[in-house]
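These notes concern the structure reproduced below.
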């Protein structure tokens, strides 16, 4: 009797602590879609993806800027030792008496300013292919961000499922503990009346204690899953999340395996990203080859200079066409072309490897989903069998045909079968969403 009162007091304490904790924290009803929306909004992974998109956009802008004219301004003020020039260019003020026109001037400073403008007209395609490559890489990075988004969605569903599993396990084990305590109360009265051996009562009470430990473990797992979910969603860590169990009761319409394979090859963002990277590599090869061609640009400039006592230049404007050809490119470009071609081959191989990996993953996820569905059928039968077995064992126990150990074993079978069924239903939803993620469809559901 004392042990029964002690166990009841412990359960009351656990319940009171749980209620107190709930009173001191926020409680939030959380649907699966709400969880997905919050995780996308607060994901650091997606924020990093946005930063990479901004970086790729800046690289593309930089590539486009190469089409714009280049302009430069320079000027100097120079002081030099005194230089004396003697020439006829300085006029009659210093002319000799013979009229030879010879003169001289001392120069010790000079000032000049130069403004140059150059507009590229032809560069062998380097500018065009550089822009193409940057554009393809930007599109690849944007697809990577979408792929990261799908990963965040799947991780959220996984965390949501784990929290549901933890919550339903706590619920089932607590219900079983309550039943076990009620049974202990009945057995205790029998033992007091001399109708039950004390050893059998102790066995029953030991099982209640083990179930109580299971409750503590299950509640601890629930708390950890709850904190993990809060961190993913950007919520305060102590927020108590209440899972909507209706998400795990939905009917699922499954396509054929071949359909999922084709959908994966068409919709996977990482496959699309590799395709754009391959295009960028092809443009890189063309850009490397373009270095073997000359560059032509429209040029213009303005020069102003003042050298006191010597020369003054104003409004010196020049316009023309400039050609530049690096002869060294004839033998230096070959290595760059080889590097670009090797990069294209590597991307092609990675693309083919990903294609095979996706096909295999689709098959695995498809079979795993079918397996999870079949397990549900087995779990449902197991629950019905365990309940019926417990009923029969209980009748036999009441008629002294089986001992207490048999009754306890039958009770544990009911508990385990109920937990397996609840967890199995969550696994079905998770397996289906993994299949959708592999097929590139999880963000479109």
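FYI, it's all coordinate maths here, none of it is from the lab. This is a predicted model, so every value here is computed, not measured. Cβ placement follows ideal geometry from the backbone for every residue including glycine, while neighbour counts extend to all protein chains displayed.
Beyond 24 Å, what share of the Cα-Cα pairs of the range 147-247 is found? Please give it as a whole percent. Working shown, then result.
Working: 2215 of 5050 pairs.
Roughly 44 percent, rounded to a whole number.
Taking the C-alpha atoms only, the angle from helix 32-42 to the longest principal axis of the chain is near 30 degrees. Residue-normalised convex hull volume from the C-alpha trace of the range 248-374: 234 Å³ per residue. Most tightly packed first, judged by the mean number of other beta-carbon atoms within 10 Å of their residues, the peptides 45-53, 248-256 read 45-53, 248-256.
Using equal-weight Cα scatterers in the Debye expression, the normalised intensity of the range 320-393 in log10 at q = 0.15, 0.20, 0.26, 0.27 Å⁻¹ is -0.79, -0.93, -1.08, -1.10. With R₀ set to 25 Å, the beta-carbon distance separating residue 405 from residue 193 gives a calculated FRET efficiency near 0.75.
Taking R0 as 51 Å, what's the FRET efficiency between residue 416 and residue 354 from their Cβ-Cβ distance, rounded to 0.05? Don't skip to the end; give the middle numbers.
On the way: r = 41 Å, r/R0 = 0.81.
Rounded to the nearest 0.05, the efficiency is 0.80.
By the Kirkwood approach, averaging reciprocal distances over each pair of separate Cα atoms, the range 350-445 gets a hydrodynamic radius of 16.0 Å. Put simply, the convex hull of the Cα atoms in the chain casts, on average, a shadow of 38.5 nm². FRET efficiency for the pair residue 65 and residue 217, taken as 1/(1 + (r/R0)^6) with r the Cβ-Cβ distance and R0 = 60 Å, rounds to 0.45. Helix 2-23 axis versus longest C-alpha principal axis of the chain: approximately 30°, rounded to the nearest ten.
Using a 7 Å offset from Cα along Cα-Cβ at residue 109, what residues in the range 271-306 end up with backbone N under 17 Å from the label point? 305-306, by backbone N distance to the label point. Cα-based radius of gyration for the range 373-416, normalised by 2.2 N^0.38 Å, reads 1.28. The peptide list 396-407, 315-326, put in order of mean Cβ contacts within 10 Å with the highest first, becomes 396-407, 315-326. Take the Cα of residue 78, go 7 Å toward its beta carbon, and the backbone nitrogen atoms of the range 303-317 under 15 Å from that spot belong to 304-313.
Using only Cα atoms and rounding to the nearest 10 degrees, what angle (0 to 90) does helix 257-267 make with the longest principal axis of the chain? Here the helix axis deviates by roughly 30 degrees. Based on alpha-carbon atoms, the Kirkwood radius and the radius of gyration of the range 224-282 give Rg/Rh equal to 1.24.
Per DSSP H run of at least 4 residues, take -39500 (n - 2.57); add these up for the chain, divide by its residues and hand me the 222 nm value, nearest 500 deg cm²/dmol. Write down the numbers at each step before the final one.
Values: 9 runs with 296 residues, N = 445.
Taken over the chain, the calculation gives -24000 deg cm²/dmol.
A simple spin-label model places the labels of residue 327 and residue 381 8.7 nm from each other, with each point 7 Å out along Cα-to-Cβ. Note on residue 339 and residue 210: the extension gain reaches 39.8 nm, defined as 0.36 nm multiplied by sequence separation minus the Cα-Cα distance.
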